[in-house]
Amino acid sequence: MNPTLDELVHDLRARGERLTVQRRMVLEILCASRDHLAVQDIQQQLHHNGIELTETTIYRILQWLKDVGIVSQTDLGRTGTVYQLVGAHPHHHLVCLSCGTVIDVGDDAIMPLRDYLRREYGFEPRIDHMAIFGLCPVCTAAGKEA
Ligand SMILES: [Zn+2]
Ligand SMILES: [Zn+2]
């Protein structure tokens, strides 16, 4: 399920997308990571490899990767925005509005939602990586309010 760098590069070229050295380097880092990454994480890894790119440049590359459907973007609240390859172990997140805890949820959890949207709206949803905000069990038990 996790596409290799070669497969992605091949696919992008076949679609006539322009793969610059910088774009390829960012893609390589996303492929190597099993987790999702923030812009700063990508910048740090590039720096580790001896390459300096500004956050703006990395952000633009990520927007392009999103546009071509290779990367998904999720806002995790105070953790910030994270990026991940589409198809790399699909999952979603429950984000606590009180303490900031992030709980991972398997993709199976939203299958009923996809089915419902197809059935009731004839809509083919693209939900690759979703964040649901609320209260974690600890904060709920402590009587916190979101
Ligand atoms: Zn995630
Ligand atoms: Zn909490």
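A compact table of results
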| item | result |
| --- | --- |
| Accessible surface of region 64-146, 1.4 Å probe, proportion on carbon and sulfur as whole % | 56 percent |
| Per residue solvent-accessible surface (Å²) - region 14-133, probe of 1.4 Å | 57 Å² |
| FRET E, pair LEU113, THR140, Förster distance 25 Å, beta-carbon r, rounded to 0.05 | 0.65 |
| In sequence order, calculated HN-Hα J values of region 121-136 (Karplus, 6.51, -1.76, 1.60; Hz; x Gly/Pro) | 10, x, 9, 8, x, 10, 10, 8, 6, 10, 10, 10, 8, x, 10, 6 |
| Charge sum, other residues only, whose C-beta stays under 11 Å from PRO125's C-beta, Lys/Arg counted +1 and Asp/Glu -1 | 0 |
| Distance-filtered residues of region 21-39 - backbone nitrogen under 18 Å, label point 7 angstrom along VAL68 Cα→Cβ | 21-33 |
| Cα-centred dipole magnitude for region 1-40, charges only on beta-carbon of K, R (+1) and D, E (-1), debye, nearest 20 | 180 debye |
| Taking the chain and dividing mean pair separation by its residue count, relative contact order in percent (alpha carbons under 8 Å, at least six apart) | 19 percent |
| Student exercise, region 1-110 dipole from Lys, Arg, Asp, Glu Cβ charges, in Debye to nearest 20 | 320 debye |
| Long-range amide H partners of ALA38 with built H, under 5 Å | TYR83 |
| Environment charge at GLY69 (Cβ cut-off 11 Å; Lys +1, Arg +1, Asp -1, Glu -1) | -1 |
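The values are calculated or read from the model by the stated rules, or taken from the named source; none is laboratory data. Keep in mind the model is a prediction, meaning the values are calculated, not measured. When we count neighbours, we look across all protein chains shown, and the Cβ atoms used for this are built from the backbone with ideal geometry, even at glycine. Areas reflect the complete protein model, heavy atoms only, side chains present, ligands, DNA and RNA absent. Shrake-Rupley method; radii C 1.70, N 1.55, O 1.52, S 1.80 Å.
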